[in-house]
Structure formats: C-alpha cells, structure tokens
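The values are calculated or read from the model by the stated rules, or taken from the named source; none is laboratory data. What you are looking at is a predicted structure, and each value in this text was computed from that prediction instead of being measured. Here Cβ is always computed from backbone atoms with ideal geometry, including for glycine, and neighbour counts include all displayed protein chains.
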Amino acid sequence: MLYHLHEFQRTMLAPFVALSNQSSTLFSHPYSPWSYTLLSKQLAASYELLYRLGKDYEKPAWNIPSVQVAGKTVTVAEQAVISMPFCNLVHFERVGVDDCAPKVLIVAPMSGHHATLLRDTVRTMLMDHDVYVTDWIDARMVALENGPFHLSDYVRYIEHFIETLGPAIHVMSVCQPTVPVLAALSVMAAKNMTSLPRSMIMMGGPIDPRESPTEVNSLATTKPYSWFKNNLIHRVPSRYAGAGRNVYPGFLQHAGFIAMNPNRHMHSHYDFYQHLVQGDDGDAEAHRRFYDEYNAVMDMPAEFYLDTIKIIFQEHRLPKGTWEIDGIVVRPQRIQNMSLFTIEGELDDISGAGQTRAAQKLCSGLDPERKTHYTALGSGHYGIFSGRRWRNQIYPKIKTFIADADQFSND
C-alpha cells in the first residue's frame, strides 16, 4: 500500500514539478523579458530548487565517451556482454587499443544506488585496465516470472561472471559486494575450479560487521528480522514491468540515506540556491551532477535485502563459518594462489574500521606476501572509490597491486 501511496503522491505533484521547471526557465532564460526583472535570479533559483526537490531521477548514463591511455584520447564503447534477469555484465571497450592490459571485473553494489555511482572508479581504472562492471537492474523492472533473487543468487551470478571471463582477471568489489564476492571465490575454491581470478580487491565492505559497528550496523541488529520484513517490504505497482514483485523500494532507501546526514544535505541545497543567485554556474552544475546520481535509486529484491540483513548483519555467518550455499560451507581459508588487497577509509561511517580488513584473517590459506591492506587517511566511504583521494592516493596503489599479482601468477 505504501508504494501505491508514494506513486499517487508523485502523480499529484507532477504538474507542480513541471510548473516549477518552466517558471525557472521563464526567470532565467536570456531571451525571456522576465529574466531582467527585479528578483528574477532569486525567483529562478527558488523554482529550480523546488523542481529538483520534486522531480523523478532516472538511472544516469555512464557517460564515459573517452579516456586517456598513454597520453592519447581513446574512445570508449559500452556493451553488455552478458544479460541476465537481474544484471548486465557491461564491458567498456577501449576502441582501437590492442587490449593486453589487465582484465578487471568491478562488482558494483546492489544497495540502492545504480552501478553508475562507480563512474569515477570505472573511468580511472580504464586508463590502464580492460574493465567489466556488474550493472544491476532495478527490481521493479524485472518481471515476476523471473522468480526471486536471493543473496545466494547474487553469489551465483558473480561465480558465473568470473568463470566466463576466465582466470586471468582481477576482481574488485566495492562496499556491499565484498561479502558475496568472497563467498563466490570460497565456493569456487571448494569446487576446485580452475577459473579463479589472480587477485581480489575489497573496498569498504562489511566482511565482519562486528568490527567497529556503525549506525548502519546498529540499525540491522537493534531491530528483529520481522521488523524489516513487515515494515520495509512492499509490492511493485502495476505500472512497472515487475508488478507484484516484493521489493525494498528505492524511495525508502533514499529516505534512509538522507536521514543519515540531514544537515549536510540541507546545507548543500541552501548553497545550491546561493550559487544560482550569485551566478556561480560551476558549483551549481557540480551540485546537479552529484544529486542526479545520489537521488537516482533502485528497488532491491526483497529476498536479497532480507537475506543481507539476516546472514551478514544479524547472524554474521561469513566470519563465523556458518554460511552454506548449495550444500557448500563458505570457508575463505580454502582460497589459495591469489593476491588480496583490502582497502578502508579512515572516516568511513558505513563500513567501520576493521570490517573489510577482516578478510585478511579469514583468507588464511593465502601467502602472507600476497596480502596487502591500506587505510586511506581522511577518507570517508565514498572517498575510497570516487574523488581526489581515490584518483591520487588509492588508485595508484591498486594499479601497482594488480601488476604485482600478475607477476606472481606468471612466475
């Protein structure tokens, strides 16, 4: 019912949102006489702010038309090489480049935002690597006939992608997927599969949420499993392809994101208004780009979300060694002949200090010389995969790590 009420509200607000957009243009367009009246800048800024607060945000485009490779501008072609009901495996081909560069599978989170949140990650990695990304599909757009999607299905998807791409790859997981990626590699090791990758890079994920619990971890443990099932799960309305599917709606996830830092978002929007009034187009456009991405959210399959709450955050099955998938107990210590790099942000308020580093202890079967950890000082959660610190501090370490892992495998 809540999902339907939300859709009804959006429908009722749509005319006012459209009017706000037109009014903003009326008071700002250089060919409009109203843009030269008293208080026109203030009115245009107010209307645009109202428009952006009320509009729907669709999934953004990747928008990576080209990258710099060895000092030259190279065109990038985006192509889905594997299409599955809940995910597309997207390859970013560097056109005209004889791609013998290290092959990297970037596993994006299914945690509210679209995979395009990793745009800066992908763009930077493309300078020196052949990049593939898991592009998860909004659950409200997946027909009910495709069945449910559990956390174990996520693990199977990752296993399938790794097996398809072959053993000469490096797997890089950002945030939430560190857990299913480690599980997939553990299961593959238990099966004695030969397609295991050369390395795994794990960034800011809840491998062991008992380490330095954050507000996110506390929410998952202070409320019973039944509370999440009864209060956060809703059916997709009939207007969408996934009508009738049980999901954790994106609009509820977005409300949770905002609630974590309400003052920061309020000040950000006030600053946006001031930038518009003062004619500071650069900062205003930076605000638009950030919130076009941040406000674009997707529904998660209910089964996946509830499994995540129970298995990862409440029962801690991965670090306890009690997680079983398809009759195989997930034991990271079975993983061998691979390099491991764990990365954390000093100020991460989503995955606290030590949660990702826990993989170092769990993967006891790896050669200590092939295990590396790095804590990015001054970096929050998003800073470890996006922005200046990611590009200038973290990425160079990842580039070196991948080259060393290839050298280990070739020796």
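Checking the conditions here, which among SER46, SER111 is of a type in the set (Ser, Thr, Tyr) and touching a strand residue (DSSP E or B) at 6+ places or on another chain (Cβ under 8 Å)?
SER111
Is there a residue in segment 16-31 that is over 26 Å from TYR240 (Cβ atoms), buried (at least 17 other Cβ atoms within 10 Å of the Cβ), under 29 Å from the mean Cα position of the chain (by Cα) and touching a residue at least 24 places away in the same chain (Cβ under 8 Å)?
Taking every residue of segment 16-31 in turn, none turns out to be over 26 Å from TYR240 (Cβ atoms), buried (at least 17 other Cβ atoms within 10 Å of the Cβ), under 29 Å from the mean Cα position of the chain (by Cα) and touching a residue at least 24 places away in the same chain (Cβ under 8 Å).
Does segment 222-232 include one or more residues that are small (Gly, Ala, Ser) and within 18 Å of CYS175 (Cα to Cα)?
no
Of all helices (runs of 4 or more DSSP H) completely enclosed by segment 300-411, which ones contain at least 2 residues that are under 18 Å from the mean Cα position of the chain (by Cα) and surrounded by fewer than 20 Cβ atoms within 10 Å (Cβ to Cβ)?
In segment 300-411, there are no helices (runs of 4 or more DSSP H) which contain 2 or more residues that are under 18 Å from the mean Cα position of the chain (by Cα) and surrounded by fewer than 20 Cβ atoms within 10 Å (Cβ to Cβ).
Consider THR194 carefully, then state whether it is surrounded by fewer than 18 Cβ atoms within 10 Å (Cβ to Cβ) and either under 24 Å from ALA358 (Cα atoms) or of a type outside the set (A, V, I, L, M, F, W, C) (or both). Quick ask: steps written out before the conclusion?
Details: surrounded by fewer than 18 Cβ atoms within 10 Å (Cβ to Cβ): yes; either under 24 Å from ALA358 (Cα atoms) or of a type outside the set (A, V, I, L, M, F, W, C) (or both): yes.
Considered against the rule, which asks whether it is surrounded by fewer than 18 Cβ atoms within 10 Å (Cβ to Cβ) and either under 24 Å from ALA358 (Cα atoms) or of a type outside the set (A, V, I, L, M, F, W, C) (or both), THR194 comes out as yes.
Taking segment 62-89 only, how many residues are under 13 Å from VAL122 (Cα atoms) and in contact with a helix residue (DSSP H, G or I) (Cβ under 8 Å, 6 or more places away or on another chain)?
Residues flagged as under 13 Å from VAL122 (Cα atoms) and in contact with a helix residue (DSSP H, G or I) (Cβ under 8 Å, 6 or more places away or on another chain) within segment 62-89 amount to 4.
Take the conditions within 19 Å of ALA358 (Cβ to Cβ) and either surrounded by 14 or more Cβ atoms within 10 Å (Cβ to Cβ) or modelled with pLDDT of 95 or more (or both) and apply them to THR214. Does it pass?
Working: within 19 Å of ALA358 (Cβ to Cβ): yes; either surrounded by 14 or more Cβ atoms within 10 Å (Cβ to Cβ) or modelled with pLDDT of 95 or more (or both): yes.
In short, yes.
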